[in-house]
Amino acid sequence: MTVFGIHLVGLDAHTALKLGLTIALLLGFGVLRRLLRAATRTAVPPTRAARVSFWTRQIISVGLMVSLVVSLTAVWFDNPSRLATVAGLLSAGVAFALQRVITSVAAYIVILRGSTFSVGDRIVMGSVRGDVIALDPFQTTIMEMGQARGEQGDAPSLWIHGRQFTGRIVTVTNGVIFDQPVYNYTRDFPYIWDEIVLPIPYDGDDQRAERIMLDAVREFAVDADAVAQDAKVRLRQRYGLEMPDIAPRSFYRLTDNWIEISVRFLVPDHSPRNAKDAMFRRILTEIRAAGIEVASGTYAIVAVPPLRVEMPPEPRPA
């Protein structure tokens, strides 16, 4: 083909037609993608927008991607023998050069197929903990949250001492799921176990302290009767797991210095710190009113050995 007096090698009318069809397909699929997303936002009710919109977008994106690849293949490779040769060369080169990309796409399929997590789930993935706010074939976007006191040794170090958002948005490559475990707080059972601990001196009223703690926990923790029955059914059907007794329960532990009372309870997956804050406030008020002391790591000096101070002799005058 000659354009403005310049002879273009390898470009003829047939190739130019294919190139034009390729551009038209790209533009057409781009417009179709926008129209389908706009229709999804209009059709999905606001109360269900979070998860339904996410899965609808995933289906639209994957479907359009597959359709676009098939359409471009039909345009450029009308000869089956050429298609087989090019496919073999491309697969070998792509497998070597894009290993991480292929791994991420494969992980994306595993995430969707195995329902590992979805948008809105609270997870720990690749040492990042938080709520999933976006997911695409290559990476997962997480709104990061802080760490509770018992988790402060885990990487990375954070300045938020509780399971609340830090304000940072973190992206994690999907391929991480093949190398590290994924912890899901909300998958099939949207509750987590937590506990509070209170040390009481040996001469204190530990039984009264235990009753105060259990009363506060029962008021602000998840009621055993309020746990959704379908959550228990899902655990039993999916994993064969029968839920144990989920009512709050206290435990004693004797140490060298005090009686350690711990109460274990169930809280919603997204608000454990609020529930524990209300419990601690109620417990503090009640134990003060009852005159119960909280034990601490103090030391009492019961005896002091005799001390003798020697002063140096005064120098004689010359």
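Remarks
- Averaged over residues, the count of other Cβ atoms within 10 Å places the peptides 169-175, 261-267 in the sequence 261-267, 169-175, highest first.
- Highest mean packing comes first when the peptides 100-109, 129-138, 178-187, 23-32 are listed by Cβ atoms within 10 Å, giving 129-138, 100-109, 178-187, 23-32.
- Per-q log10 I(q)/I(0), the stretch 183-224, q = 0.25 Å⁻¹ (Debye; single scatterer per alpha-carbon; no solvent): -0.92
- Among MET213, MET243, sorting on how many other beta-carbon atoms sit within 10 Å of each Cβ, with the fewest leading, yields MET243, MET213.
- Over the stretch 205-294, relative contact order from alpha-carbon pairs under 8 Å, at least 6 apart, %: 37
- Positive minus negative residues near ASP206 (Lys, Arg vs Asp, Glu; Cβ under 13 Å): -2
- Summary of the geometry: the stretch 179-250 and the stretch 258-318, compared by the centres of their Cα atoms, lie 28 Å apart.
Bear in mind that the values in this text are calculations on the coordinates, not laboratory data. Since this is a predicted model, take the numbers as computed values, not measurements. As a convention, Cβ positions derive from the backbone with ideal geometry for all residues, glycine included, and neighbour counts pool all protein chains shown.
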